[in-house]
Amino acid sequence: NSGVLSLLRPLLLDVVPTIQQTAALALGRLANYNDALAEAVVKGNILPHLVCSLSEQNRFYKKAAAFVLRAVGKHSPQLAQAIVQCGALEMLVICLEDFDPGVKEAASWALGYIARHNSELSQAVVDAGAVPLLVLCIQEPEIALKRIAASTLSDISKHSPELAQTVVDAGAIAHLAQMILNPDAKLKRQVLSALSQIAKHSVDLAELVVEAEIFPVVLTCLKDSDEYVKKNGATLIREIAKHTPELSQLIVNAGGVAAVIDCIGSCRGTVRLPGIMMLGYVAAHSENLSMAVIVSKGIPPLCACLIEEHEDHIKAAAAWALGQVGRHTPEHARAVAVANVLPTLLAMYMDTRSSEDLQMKASIFTKRALKSILQKCTYLPALEPLLHDAPPNIMKHIVGQFSKVLPHDSKARRLFVTTGGLKKVQEIKAEPGSLLQEYINTINSCYPEEIVR
């Protein structure tokens with residue numbers, strides 16, 4: 001408000017180097033504060049000044065100038081675009097070749113903040129020739145430089161298969177894969193994130209990541225003391241597992257399912273989410289893979305997530321994963337049913353306290369999970385409690401299963417009367433001629449008329 005920006009701008013061209021650097025630092029800190037100040041820096045025509053003097057200045061000035069560009073570019077795609085338009089990318093890429101690791105780091109950071117917004121800006125960073133130099137930066141000895149270069153490669157890769165492919169073509173995967181065992185937790189986070197962002201786009205890219213021999217090494221990350229390393233490790237495994245049954249089978253063979261199950265059991269909150277999703281993806285591919293999740297004792301921790309977690313999206317993910325496990329055959333459905341999870345799913349589906357958007361999503365996932373398990377479940381003791389609470393659309397599936405099993409199972413018929421199931425069926429209001437009414441008629445026809453009465 002006091003017009004400081006117009007006073008600082010000429011100082012960027014001062015004859016005294018320390019004044020230049022300090023002026024750039026001041027501008028960077030102002031721009032970093034919020035998007036309104038960053039916009040003022042752009043409107044004050046300061047960026048061209050910064051860029052034109054960047055190449056011939058010393059390392060301190062280069063670091064400060066890159067800091068200003070990063071501080072402006074981080075706020076929005078529009079502000080990042082302003083940096084691209086003033087020709088800053090070419091200067092930043094030249095800084096990636098600087099002798100000083102601090103200059104490389106500052107330039108990597110600025111490029112990452114520009115690339116993360118969208119695929120157009122990311123493409124501009126690629127076109128400026130940044131990727132091969134970033135791959136060289138991850139091979140430098142300085143940990144801080146490795147971290148930020150890996151993070152920038154992650155930000156470039158995330159938008160599209162084509163952008164991820166440019167990172168792959170520059171030979172990034174092999175170098176990233178070697179750093180999975182690095183003792184530095186912050187570096188591991190970025191490395192795992194970058195590999196996830198590459199693997200998520202397509203089967204081919206996922207296979208290239210797997211071919212870098214990340215299994216079983218990556219499974220050690222699931223036991224890491226750093227929560228983000230755990231989460232990013234599970235995310236990487238999820239992004240590979242989702243593509244094909246073959247990739248999922250490879251993860252199962254490497255011990256990945258058991259490792260993810262242990263990981264879900266040992267943590268709380270959003271760290272669990274990628275692991276939950278990964279089990280769902282694996283189970284969805286085939287009967288055998290779903291059975292691998294069951295045999296590895298994957299159902300109890302998924303049930304625990306339904307009960308222990310407070311956030312709807314985590315519960316919804318667990319419900320979805322259980323639905324994928326239980327949907328294949330009566331044997332799969334029984335494995336879920338004996339864990340006594342159906343009443344919990346039903347209660348979640350009928351819970352009205354959740355936020356509207358989440359409730360809608362959570363209830364859709366939960367309803368699908370319930371329906372897919374119920375359509376296969378012939379384990380009647382687990383279905384019986386649901387007869388007393390289920391809404392009409394779920395009731396149809398439950399009654400349908402009883403109508404399938406009771407005609408052929410005399411012990412089940414006896415139990416169905418003594419536990420009050422038959423009585424409950426008589427209370428159901430079904431439309432005459434409906435499928436539900438047909439199911440009820442089938443059940444009633446299993447018993448003498450006076451018992452039904």
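The values are calculated or read from the model by the stated rules, or taken from the named source; none is laboratory data. Predicted model only: the values in this text are computed from it and were never measured. Counting neighbours? That spans all protein chains shown, and the Cβs are built from the backbone with ideal geometry, glycine included. Calculation scope for accessible area: heavy atoms of the full protein, side chains included, ligands and nucleic acids excluded. Shrake-Rupley method; radii C 1.70, N 1.55, O 1.52, S 1.80 Å.
On the protein heavy atoms, probe 1.4 angstrom, tell me the percent of accessible surface of the chain carried by carbon and sulfur.
On the way: 10800 of 20100 Å².
Here carbon and sulfur together make up 54 percent of the probe-accessible area.
222 nm [θ] for the chain, helices only, -39500 (n - 2.57) per DSSP H run of 4+, per residue, to 500?
On the way: 31 runs with 328 residues, N = 453.
One gets -21500 deg cm²/dmol as the mean residue ellipticity at 222 nm.
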Computed P(r) (all Cα pairs; region 264-359; 10 Å bins; percent): 17, 52, 28, 3
field: Distance between region 164-189 and region 16-94 - C-alpha centres, whole angstrom
entry: 29 Å
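Restricting to Cα pairs below 8 Å that are 6+ residues apart, what does the relative contact order work out to for the chain? Please round to a whole percent. Walk me through the numbers on the way to the answer.
Details: 697 pairs, mean separation 30.5, N = 453.
RCO, the chain: 7 percent.
Residues of the chain: accessible area per residue at 1.4 Å, in Å²? Could the numbers behind the result be given before it?
On the way: 20100 Å² over 453 residues.
It amounts to 44 Å² per residue over the chain.
For an R0 of 45 angstrom, estimate the FRET efficiency from the Cβ-Cβ distance between THR418 and THR244 and round to the nearest 0.05. Intermediate values should be presented prior to the final figure.
Working: r = 49 Å, r/R0 = 1.08.
For R0 = 45 Å, the calculated efficiency reads 0.40.
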task: Measure off 7 Å from each Cα along the Cα-to-Cβ vector at SER2 and LYS429, then give the distance between these two points in nanometres to one decimal.
output: 7.5 nm
- prompt: What does the accessible area of HIS285 come to, in Å² to the nearest 10, when a probe of 1.4 Å is used?
  reply: 50 Å²
- line: Measure of exposure for THR220: accessible area at 1.4 Å probe, Å² rounded to 10, is 80 Å²
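Once you keep just the Cα pairs under 8 angstrom separated by 6 or more residues, what percentage relative contact order results for region 381-443?
On the way: 36 pairs, mean separation 24.7, N = 63.
39 percent.
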- request: Quote the accessible area belonging to PHE67 in square angstrom, nearest 10, computed with a 1.4 Å probe and with ligands, DNA and RNA left uncounted.
  value: 40 Å²
- prompt: Taking +1 at the Cβ of each Lys and Arg and -1 at the Cβ of each Asp and Glu, which of LEU436, PHE416, VAL452 sits farthest along the dipole of region 398-452 towards its positive end, judged by Cα position relative to the Cα centre?
  reply: PHE416
query: With point charges of +1 on the Cβ of Lys and Arg and -1 on the Cβ of Asp and Glu, referenced to the Cα centre of the chain, which listed residue (ALA283, ILE180, THR329) lies farthest in the positive direction of the dipole?
result: THR329
field: FRET efficiency estimate (nearest 0.05) - Cβ-Cβ, LYS297 to GLU213, R0 30 angstrom
entry: 0.60
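With charges set only on the Cβ (+1 for Lys and Arg, -1 for Asp and Glu), what does the dipole of the chain come to about its Cα centre, in debye to the nearest 20?
Details: 43 positive and 44 negative charges, 268 e Å.
With only Lys, Arg, Asp and Glu charged at Cβ, the dipole is about 1280 debye.
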query: Which value, in debye to the nearest 20, describes the size of the charge dipole of region 398-452 about its Cα centre when Lys and Arg Cβ atoms bear +1, Asp and Glu Cβ atoms bear -1, and nothing else is charged?
result: 260 debye
query: So what's Rg/Rh here for the chain, counting alpha carbon atoms and using the Kirkwood radius for Rh?
result: 1.16
statement: For region 398-452, inverting the pair-averaged 1/r of distinct alpha-carbon atoms gives a Kirkwood value in Å of 11.2 Å
